[in-house]
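One structure is given here, and the rest of the page talks about it.
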Amino acid sequence: MAYRLYVERKLVRTRFPKTVAESKRKEVKMDKDYAEICSEKTIFAEQQGFFGEMFDIVKNCCTEKWLKTKFEVLTTDADKLRLIFDEPNVSDMLLGTLEHVIPVYRKKDCSFSYQRRIQGESLHQQNDLDNALILLTQAVLRAPSKGMDIRHDAGLTLALALWSRSAVLLDLNRGSDALVDIQSAIDNGLDDLKKQLEYYVRLAKANAMMGNESKTKICLNLVKSFCGAGAQYDDIVSEIKQIKPHPTIVKIDVPDLSDCEHETLKHTTRKLEIQSTPECGNFAVASEPIHTGETIVVEKPIAACLLPKFFGSHCLHCLRRIEVAYACSDCSGVAFCSIDCQKEACSTYHAYECKFMHMMIGSGMSILCFIALRIITQQSSVEMAIEKGRQIVRELCTHSSQRKSTDYLQRAVASAFLLRILQKSNFFGRRTSESAYPNSEHEFEIGGILIGLLQALQFNAHEIYETKAFESQQNVGGKKMIYVGAAIYNSAVYFNHSCSSDVIRHFVGTSIVLTASHPLQPGDTISENYGPIFTKQTLAVRQRNLRSRYWFECKCIACKENWPTFDKLTNKARLRCSNAKCTHLFNYPEKARKIVKCPKCKEMTNLEVQIATLTTAENFYRTGAEQMDGNQLRDAAKSFIDGINLFYSVATQPHRDTYTAQESLRVCLSNIGHI
């Protein structure tokens with residue numbers, strides 16, 4: 001699966017010719033220019049970032065002769081990296097620039113946290129719970145760790161912010177979240193809470209909200225030991241008895257493939273196999289019949305990264321939208337949805353990325369650069385990073401031999417920048433020199449791997465999206481897909497492109513789920529869609545985009561038969577011969593005839609029966625649409641699946657209502673997944 005590049009629509013339009021003749025004259029040059037733009041976007045996506053300027057300065061130090069006769073001829077990525085550090089004209093400028101890589105991140109601010117806590121507590125007293133939660137969460141995120149800053153609250157700013165937030169969470173009936181904050185307040189220095197009545201009252205309330213009757217009773221006994229069996233205790237018991245258990249939000253689980261998992265290709269169904277040809281590389285093929293709606297892949301990523309613009313609203317680690325935020329102990333630039341995510345991230349990759357996060361964002365580097373770095377930083381050692389990096393580069397398509405020297409140089413300079421971050425963050429341990437020049441073979445090796453990863457990710461990374469619902473539109477039609485991050489997967493990369501996808505893709509957290517969008521027979525190629533889809537783009541536009549962005553010519557059935565875009569689609573599908581072994585397709589008849597003879601197998605086919613079955617399938621689609629409007633998503637999904645199965649038993653694409661049904665099924669599954 002290729003990374004879907006987003007290029008400004010205006011740019012795309014202005015580069016298209018107006019006439020067929022002009023198209024023939026300019027096609028080669030335009031594809032070349034567009035391909036360079038697309039490839040560049042996979043390295044630095046933001047024009048306002050400094051990396052583009054940094055690369056231009058380095059490039060201007062390189063002559064065309066040097067690029068052609070020295071840089072381009074080197075066979076390994078590590079050697080290319082070594083050369084740009086060793087060539088005097090290039091290295092002087094490169095090293096001088098890399099020396100300016102310093103920690104740049106949003107630091108903790110005790111005064112800010114204190115002010116936000118006071119404001120949040122004031123709003124809580126006014127019963128403005130939602131805004132109080134926002135301010136107290138800001139107080140939590142900006143508060144330094146215990147004892148780090150004693151200007152306010154004797155170094156207990158974080159603990160006090162957590163304690164105040166727990167009170168608001170209780171008033172919002174979020175008992176489980178309140179319990180986490182209460183315990184975190186204790187862990188961050190408020191040990192004396194255990195000597196206070198309010199501590200046990202809050203514990204009792206939280207457990208009552210969660211339906212933990214036995215724990216609630218224990219907490220009330222402790223309350224009684226503090227205040228005795230008087231009126232105060234009776235009031236507390238009365239208040240807690242009025243609490244109705246608030247159901248914990250059920251997290252959507254990913255589908256389970258354990259009963260039918262492939263023996264060697266993990267996280268995929270055993271009903272597929274990987275084949276290979278020189279033209280198509282490795283690709284997935286059905287080895288057994290696969291039904292519509294059947295899960296094909298359920299896989300966690302090798303590495304996943306959140307888009308920087310969502311650092312405040314989504315968890316850096318699992319990419320889920322945050323309900324209650326938790327912070328890194330050192331920076332205030334990212335947030336986590338749980339203590340578990342925070343601990344896992346901060347004990348591995350974020351320890352190296354933390355203090356350089358804003359430097360990376362300011363560089364304008366693409367999400368693929370973040371993923372390349374993450375693949376390295378999440379490994380437990382330099383040796384493990386080298387082993388894992390080599391494996392990924394070895395197994396994935398990079399198109400190295402087709403790259404121009406300038407394209408390669410971009411990736412080499414980007415890798416030098418990422419390598420400098422690893423050096424400065426002590427990923428390699430204590431170094432013998434503070435120079436940006438790599439001072440060990442391990443550093444050169446990691447730098448070369450980064451170059452390889454930046455090539456492989458261009459063609460193999462997946463977008464991660466969530467379904468966003470709008471309060472004013474509670475039905476499925478009032479929701480849309482939001483691109484929140486990107487990831488690289490082990491098995492999902494084996495699905496090649498088709499302009500009419502065979503699978504539906506959705507996400508649960510960072511886990512990718514691929515589901516069959518129609519019945520598949522043994523020997524059928526199972527393809528994904530990389531962005532250009534036949535219903536939205538004409539053949540010429542799709543071919544140009546795919547050649548320029550992903551460096552291949554698409555030969556899927558939608559391209560071979562030049563299927564019409566959605567506005568020109570009809571329901572007059574081609575009908576199958578009734579002989580299951582025959583592949584002949586009848587054009588939809590202008591006038592229904594009862595019996596026709598197949599010109600291929602010579603058997604008779606009753607087209608009226610085929611058309612009646614097609615009509616029944618369309619009725620299933622209408623039922624599914626009504627169920628979607630009523631938010632009966634699982635029922636709607638079943639109706640669409642039943643209709644799609646019927647359709648493919650007698651007909652084949654393109655067909656307007658069936659394509660709409662497949663898209664509706666995708667929406668249903670996405671809404672059931674990551675919302």
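Quick notes on this one:
- Here the condition is being outside the structural domain of Tyr437 (by TED's automatic domain parsing) and modelled with pLDDT of 95 or more; of Asn131, Asn173, it holds for Asn131 alone.
- Per the conditions (1) over 19 Å from Leu319 (Cβ atoms); (2) within 20 Å of the chain's Cα centre (by Cα); (3) crowded, with 21+ Cβ neighbours inside 10 Å, the sole criterion not satisfied by Gly364 is (3).
Conditions (1) at pLDDT 95 or above; (2) buried (at least 16 other Cβ atoms within 10 Å of the Cβ); (3) of a type in the set (A, V, I, L, M), marked per residue:
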residue	(1), (2), (3)
Cys577	no, yes, no
Lys581	no, no, no
Ile611	no, yes, yes
Ala617	yes, yes, yes
Met628	no, yes, yes
Asn631	no, no, no
Pro654	yes, yes, no
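- From Thr432, Thr406, residue being in a helix (DSSP H, G or I), at pLDDT below 95 and farther than 30 Å from Glu528 by Cα: Thr406
- Only one of Val168, Val180, Val254 that is assigned by TED's automatic domain parsing to the domain that holds Val513 and within 21 Å of Glu323 (Cα to Cα): Val254
Yes/no matrix, rows are residues, columns are (1) farther than 30 Å from Thr515 by Cβ; (2) modelled with pLDDT of 85 or more:
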position: Val223; (1), (2): yes, yes
position: Tyr233; (1), (2): yes, yes
position: Ile236; (1), (2): yes, yes
position: Pro245; (1), (2): yes, yes
position: Thr248; (1), (2): no, no
position: Pro255; (1), (2): no, no
position: Leu265; (1), (2): no, yes
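- Check on Ser381, surrounded by fewer than 21 Cβ atoms within 10 Å (Cβ to Cβ), in contact with a Leu (Cβ under 9 Å, 6 or more places away or on another chain), over 30 Å from Glu279 (Cβ atoms) and among the small types (Gly, Ala, Ser): no
- Strands (runs of 3 or more DSSP E) wholly inside the stretch 248-355 containing at least 3 residues that are free of Cβ contacts under 8 Å to residues at least 12 places away in the same chain: 272-277
- Residue count, the stretch 53-80 (criterion: touching a residue at least 40 places away in the same chain (Cβ under 8 Å) and over 35 Å from the mean Cα position of the chain (by Cα)): 3
- When the stretch 139-165 is limited to residues that are of a type in the set (Gly, Ala, Ser) and free of Cβ contacts under 8 Å to residues at least 40 places away in the same chain, the one that is nearest to Asp191 (Cα to Cα) turns out to be Ala159.
- Look at (1) touching a residue at least 12 places away in the same chain (Cβ under 8 Å); (2) in a loop (DSSP other than H, G, I, E, B); (3) of a type in the set (Asp, Glu) and you find that Asp642 fails only one, number (2).
- When Ala325 is tested against (1) of a type outside the set (S, T, N, Q); (2) closer than 29 Å to Ala412 by Cβ; (3) modelled with pLDDT of 95 or more, only condition (2) is not met.
The values are calculated or read from the model by the stated rules, or taken from the named source; none is laboratory data. In this text the structure is predicted, and so the values were computed from the model without any measurement. We place every Cβ from the backbone using ideal geometry, glycine too, and count neighbours over all the protein chains shown.
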